[in-house]
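Trainee: Please see the structure below; I have some questions.
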Amino acid sequence: MSEYAHDKIVPFEKSKENKKEQVANMFNAIAKRYDFLNRFLSLGIDQVWRKKAINEFGNQPLNHLLDIATGTADMALMANKRIHPAKITGMDISEGMMQYGRIKIEKKGLTNKIALVLGDSTAIPFDNNQFDGAMVAFGVRNFADLEKGLTEIYRVLQPGSKLVILEFSQPTSAWFKPIYQFYMQWITPTIGKIFSGNKAAYSYLNKSVIAFPEGNAFLAIFEQAGFKQVSQKNLSLGICSIYCGSK
């Protein structure tokens, strides 16, 4: 497996823990304020992005959808509402995040339809060809090994199934890019510290976005993992992208 610059970006540079452990601890620490900060920092646009990503599955019935890096189950709950899979399994390395996700699922009476399990993208705890759809929202940047994570998703998908990835990217617009960079470098960490008490987590967000191999570079890695018919759609002046691929 190849190693990419993003694989080395960690939340706490002085920590002796590996990236997986650091990311899990980071999300455990900010879990309580995570949903609020997502809405606040994106001005609610993240919900529009999530809907557009889920719409990529179209109208084809899904029997079992896998939501990787499910966090507080935002995507799982939205997918249940919009495309009605028979069953959804959410997986994350942060038990703290999933605790809040389970509360949301229980409040909506969906515990028999949406299950959240602890798991790592580099060793997904499911059999081959088990799911007929998979999605990752704002999670591939946090994979400790990007290529391994994608090949693991490929392994657990049935032939003909689709993977939809929603991820931050950097705008190319000459007038907008410096505004975006200022916001991500200074405003986001400051607000993150005020509301979550964890500036490092939101500084890591910016560093991981910069290091992530976006656009054609990511599509090439996508194909290396085995996926076909790979594509990218830019959203909101390029600050977010939807990547799709099929097994």
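Trainee: Would you confirm, using the coordinates I've provided, whether GLY96 is at positive phi, in contact (Cβ under 8 Å) with a residue 40 or more places away in the chain and either assigned to a strand (DSSP E or B) or surrounded by 15 or more Cβ atoms within 10 Å (Cβ to Cβ) (or both)? Show your work before the answer.
Mentor: Numbers: at positive phi: no; in contact (Cβ under 8 Å) with a residue 40 or more places away in the chain: yes; either assigned to a strand (DSSP E or B) or surrounded by 15 or more Cβ atoms within 10 Å (Cβ to Cβ) (or both): yes.
No: the conditions fail for GLY96.
Trainee: Moving to a separate point now. (1) of a type outside the set (A, V, I, L, M, F, W, C); (2) within 22 Å of GLY160 (Cβ to Cβ); (3) touching a residue at least 12 places away in the same chain (Cβ under 8 Å): which one isn't true of GLN60, the others all being true?
Mentor: Among (1) of a type outside the set (A, V, I, L, M, F, W, C); (2) within 22 Å of GLY160 (Cβ to Cβ); (3) touching a residue at least 12 places away in the same chain (Cβ under 8 Å), GLN60 violates only (3).
Trainee: On to the next question. Within the bounds of segment 40-54, is there any residue that is among the β-branched types (Val, Ile, Thr), in a helix (DSSP H, G or I), surrounded by 19 or more Cβ atoms within 10 Å (Cβ to Cβ) and touching a Lys or Arg at 6+ places or on another chain (Cβ under 7 Å)?
Mentor: Within segment 40-54, one or more residues are among the β-branched types (Val, Ile, Thr), in a helix (DSSP H, G or I), surrounded by 19 or more Cβ atoms within 10 Å (Cβ to Cβ) and touching a Lys or Arg at 6+ places or on another chain (Cβ under 7 Å).
Trainee: Restricting attention to segment 181-233, report how many residues are at pLDDT 85 or above, over 17 Å from the mean Cα position of the chain (by Cα) and of a type in the set (Val, Ile, Thr).
Mentor: The qualifying residues number 1.
To keep it simple, each residue is scored yes or no on (1) over 18 Å from the mean Cα position of the chain (by Cα); (2) modelled with pLDDT of 95 or more.
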{"position": "MET26", "(1), (2)": "no, no"}
{"position": "LYS52", "(1), (2)": "no, yes"}
{"position": "ASN59", "(1), (2)": "yes, no"}
{"position": "ASP67", "(1), (2)": "no, yes"}
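Trainee: While we're here: Is there any pair linking a residue in segment 139-159 that is free of Cβ contacts under 8 Å to residues at least 24 places away in the same chain to one that is crowded, with 22+ Cβ neighbours inside 10 Å, with Cβ under 6 Å and at least six apart or on different chains, and which?
Mentor: Close Cβ pairs (under 6 Å, with a partner that is crowded, with 22+ Cβ neighbours inside 10 Å) do not exist here.
Trainee: When the residues of segment 120-148 are filtered to those that are buried (at least 24 other Cβ atoms within 10 Å of the Cβ) and out of contact with any strand residue (DSSP E or B) (no Cβ under 7 Å at 6 or more places or on another chain), which remaining residue is nearest to ASP35 (Cα to Cα)?
Mentor: This residue is ASN142.
Trainee: In the list THR111, THR72, which residue meets the criterion of being assigned to a loop (DSSP other than H, G, I, E, B), under 15 Å from the mean Cα position of the chain (by Cα) and either over 26 Å from MET184 (Cα atoms) or in contact (Cβ under 8 Å) with a residue 12 or more places away in the chain (or both)?
Mentor: THR72
Trainee: Hey, could you check segment 150-180 for residues that are within 21 Å of the chain's Cα centre (by Cα) and in a helix (DSSP H, G or I) and say which is nearest to VAL10 (Cα to Cα)?
Mentor: LEU150
The values are calculated or read from the model by the stated rules, or taken from the named source; none is laboratory data. Note that the structure is predicted; figures quoted are calculated from it, not measured. All Cβ positions, even for glycine, are placed from backbone atoms using ideal geometry, and neighbour counts span all protein chains on display.
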